[in-house]
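Notes follow once the structure below has been shown.
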Amino acid sequence: MMSTTAPKYPVFDLYAESLAAAERAMEFWGELYRTSADLALWWAGRWMELPSAFAAYMPKAPSAEAREIMADAAEAAAAAFAAPVLEALTVVPEAPEPAAEPPPAAAPDADGADDLTRLVGVGPRVAALLAERGVTRFAQIAAWTDEEAARMDRELNLMGRIARQGWVSQARQFAENA
């Protein structure tokens, strides 16, 4: 009869020990893998539960009545804020009223130039700037179109003073009375 046990040969002991060590290593790594997988699944479950844990502390959506009240309040606040702004935008400044009686005409200079400082808003500096551009007579200013007045206003950097103070209408009165 044959023996069921393997014969013992000292040369095979070396292989048997290394095979046993490999088997133990495989058991270790397998157990570590299973543990890691279990741990990963446990954390995934906790993360999945997290939103429901905070749901109790999250504000509830407002009711339809509350949304309507908030919309009305926001609309009223916007209207209250916009009203003065819209009113300011719709106000059109009026041109100054010409004087009922123009002041007496001054005698023109020796070179025929008028005293442009008689116009409201024209001082010596602006009169000198106008003279540099060839404007020395009331009749010249009285003949300006709106575009010419706007161009001159930009050139002199007067920020709308010509139209605002009615230089053209003032110059017409002075030119008629001269």
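When the Karplus curve 6.51 cos²θ - 1.76 cosθ + 1.60 is applied with θ = phi - 60°, which whole-Hz ³J(HN,Hα) does each residue of segment 37-45 get, with x for Gly and Pro?
Per-residue couplings from phi come out as 5, 4, 5, 4, 5, 4, 5, 4, x Hz.
From largest to smallest, what semi-axes in whole angstrom does segment 110-178 give when each is the square root of 5 times an eigenvalue of its alpha carbon gyration tensor? Show your work: numbers first, answer last.
Details: eigenvalues 57, 38, 23 Å².
Value: 17, 14, 11 Å, ordered largest first.
How do Leu116, Leu19 rank when sorted from fewest to most other Cβ atoms within 10 Å of their own Cβ?
Least crowded to most crowded, the residues run Leu19, Leu116.
For the pair Asn177/Thr145, report the inter-label distance in nm, with labels modelled 7 Å from Cα in the Cβ direction.
It is 2.9 nm.
Just to be sure I understand the model, the point goes 7 Å from the Cα along the line to the Cβ. What's the resulting Arg164 to Glu23 distance in nm?
Result: 10.3 nm between the two label points.
Where a number appears in this text, it was derived from the coordinates with a stated rule and is not lab data. Note that this is a predicted model, so its numbers are computed, not measured. Ideal geometry is used to build each Cβ from the backbone, glycine not excepted, and the neighbour counts take in all protein chains shown.
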